[in-house]
Amino acid sequence: MALVQIVEPDTPPVPGQPRLAVGIDLGTTNSLVATVRNGQAVPLPDNDGRHALASAVRYLKDSSISVGRDASQCASCDPFNCILSVKRLIGRGVEDVQQLGEQMPYKFSAGESHMPLIETVQGAKSPVEVSAEILKVLRSRGEQALGGDLFGAVITVPAYFDDAQRQATKDAAKLAGIKVLRLLNEPTAAAVAYGLDRQAEGVTVVYDLGGGTFDVSILRLSQGVFEVLATGGDSALGGDDFDHVLADWIIQQSGSSTDLSPSEQRKLLRVACDLKEALSQAATVSVSYAGWQGELTRSQFEALIEPLVSRSLRACRRAVRDAGVDIGEIDAVVMVGGSTRVPLVREQVARLFECQPLTDIDPDKVVSLGAAIQADILAGNQSGNSDLLLLDVNPLSLGLETMGELVEKIIPRNTTIPVSRTQDFTTARDGQTAMALHVVQGERELVSACRSLARFELRGIPPMVAGAAKIRVTFQVDADGLLSVTARETRSGVEAHVEVKPSYGLSDEEVSRMLEDSLEHAEDDRRARGLREQQVNAERLLETVQAALQADGDLLSEKERAEVDQQLEQLEQLSRTDDQGAIARQIQKVNQVTHEFASRRMDATVRRAFAGRQLEEI
């Protein structure tokens, strides 16, 4: 007889062996992966010793895909198939992307879910698919460095990412085969890296200016508790915008045509980026473009970007006001993101907050290090920082549309998460038996000025006079900042529920389809393991349902029993095939067709339990 080790689900297979967990900073320009080794968070390098992975994906004619430095270097020679700054597109609708059209040379089309698709030589690719390719490389780097399959990862997102952008990031991770332990706001991750290292106390500001997004967070740190007091920012402001301002200046000074091909546009932006980086070190830099020679001083550069820096400072002032603190109460300012290397940025931030910013941890690495610390804790490795408590906030208000297309805010912005809030509503007309609910996100008072997240209906409300029904609506935001909404009529108990999946995000079917496509290119053993898991699930379901039918099959009509038997037969046949997706879909069908049967069995069980008993006994 063979012996097996029996362990609880999700526990390490060997006592004392830590789970393999990483923190991932999925950035606009560069991405990093880090882990905790010997109690210290460290970034993981590639085979050439580089920590940063360029967030660039190139699709080639031979069906191969290049990710990283090689892909970014080909941006000017193959602009349509080399995707840069995809983080600016993820979770956005077609209308949002059109506003960025002049900055990006891609050919866009609309997907089934109103998601923008990028036309490449390998077909239309969604921002989720492109992001998944970057995450796959980071996952592989982590597994190679740690010597095994990852238990999970904490992935960071800008604090100002809305629900659609967060959900799209989780979809990309799922597509890359990564279990997401938590989505963590980037400023919070940076504060973790600094706070734990310094055992800081008091109010800290995290100023995070990356390649494509800007975030600011105000946190109170006390005895291992990180409480986010307020957050703000701009999800369309970053170092890329500095590059575009410089590119416009070069065109104006050189007298070049503004009608550039995508390839010329990429070359110009590369020149602008190099110029920006050089001016962070030198007072004057020579410029050469298309036969034109010139010079740019740091003071000229600062005058060009000053409006952009001022934009970030306005968001900082709002966040301080929302946090209810004074500038004088701020103990430290943490700088995050490569764009904070620009001297003007550091000078303006120091002037606003009246203290010298902290820059001694590499601003490009600090987010991934904080994410690694949180991943180590969530994996249950009981590191020295296991008593850390993160109290994050939701960045934007969440609410419902009410009569007159007004927004009733249920969860105000900067509310600590996870959180659950309930509010009662009522019917507007006599005899009303249904209610349509429209979930929105934003700070404006009119629905048209906010972002629509989801729509669902509550049906079966007992007919009453207007105002008599009590509809209890519950908004619940989890630790990742993702929302679910439940509506319940309190007298009858009828209920409706929606997991918010924005219309311009991926549907479950689309995620499943892309996941199956990605598996075709995965390692054989990984694909075989996934298939076997579905086959086991199918076997267990068949066994459970067949036992229930044998015991209580008389609860079904002949027609219902025939439908159940048909679906079970199809599942049994599919479970012997290698079509993992088809097995999963059939499992879902069996669950759906047996749902009513399960309810009847429950009712019958209750009746049998109380049969022949007096009310006094019960």
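Structural remarks
- Selected residue (only one of 248, 243 is under 30 Å from residue 160 (Cβ atoms) and surrounded by 16 or more Cβ atoms within 10 Å (Cβ to Cβ)): 243
- Scanning segment 90-113 for any residue that is out of contact with any strand residue (DSSP E or B) (no Cβ under 9 Å at 6 or more places or on another chain) and open to solvent by less than 10 Å² (accessible area, probe 1.4 Å) turns up at least one such residue.
- Filter result for residue 151 (farther than 17 Å from residue 363 by Cα and open to solvent by 10 Å² or more (accessible area, probe 1.4 Å)): yes
- Residue count for segment 252-284 under the criterion of being surrounded by fewer than 16 Cβ atoms within 10 Å (Cβ to Cβ), touching a strand residue (DSSP E or B) at 6+ places or on another chain (Cβ under 8 Å) and of a type outside the set (A, V, I, L, M, F, W, C): the result is 3.
- Qualifying residue in segment 59-75 (condition: open to solvent by less than 10 Å² (accessible area, probe 1.4 Å) and assigned to a loop (DSSP other than H, G, I, E, B)): yes
- Cross-chain or 6+ apart pairs with Cβ under 6 Å, segment 560-578 first and without any contact (Cβ under 8 Å) to a residue 40 or more places away in the chain, then among the small types (Gly, Ala, Ser) and in a helix (DSSP H, G or I): 571/538; 574/582
- When segment 35-55 is limited to residues that are open to solvent by 50 Å² or more (accessible area, probe 1.4 Å) and outside any strand (DSSP E or B), the one that is nearest to residue 370 (Cα to Cα) turns out to be 39.
- Scanning segment 245-289 for residues being among the aliphatic types (A, V, I, L, M) and in a loop (DSSP other than H, G, I, E, B) gives a total of 3.
- Take the conditions (1) open to solvent by less than 80 Å² (accessible area, probe 1.4 Å); (2) modelled with pLDDT under 85; residue 549 misses just one of them, which is (2).
- Taken over segment 157-198, the residue count meeting the criterion of being out of contact with any helix residue (DSSP H, G or I) (no Cβ under 8 Å at 6 or more places or on another chain) and of a type in the set (Gly, Ala, Ser) is 2.
- On inspection, residue 540 does not qualify as surrounded by 12 or more Cβ atoms within 10 Å (Cβ to Cβ), under 26 Å from residue 602 (Cα atoms) and of a type in the set (Lys, Arg).
- Filter result for the condition that a residue is more than 21 Å from residue 264 (Cα to Cα), touching a Pro at 6+ places or on another chain (Cβ under 7 Å) and either of a type outside the set (A, V, I, L, M, F, W, C) or touching a residue at least 12 places away in the same chain (Cβ under 8 Å) (or both), over 41, 34: 34
- Summed over segment 214-238, the residues that are of a type in the set (Gly, Ala, Ser) and in contact with a strand residue (DSSP E or B) (Cβ under 7 Å, 6 or more places away or on another chain) give a count of 6.
- Failed condition for residue 25, given (1) at pLDDT 95 or above; (2) surrounded by fewer than 18 Cβ atoms within 10 Å (Cβ to Cβ): (2)
- Filtering 322, 331, 364 for residues that are open to solvent by 10 Å² or more (accessible area, probe 1.4 Å) and within 18 Å of residue 276 (Cα to Cα) leaves a single hit, 364.
- Answer residue from segment 469-503, given it is open to solvent by 10 Å² or more (accessible area, probe 1.4 Å) and among the small types (Gly, Ala, Ser) and is nearest to residue 450 (Cα to Cα) among those: 503
- Filter result for residue 233 (part of a loop (DSSP other than H, G, I, E, B) and touching an Asp or Glu at 6+ places or on another chain (Cβ under 9 Å)): no
The values are calculated or read from the model by the stated rules, or taken from the named source; none is laboratory data. All of these numbers come straight from a predicted model, not from anything done at the bench. Ideal geometry is used to build each Cβ from the backbone, glycine not excepted, and the neighbour counts take in all protein chains shown. Side chains included, ligands, DNA and RNA excluded: accessible areas come from the protein's heavy atoms. Shrake-Rupley method; radii C 1.70, N 1.55, O 1.52, S 1.80 Å.
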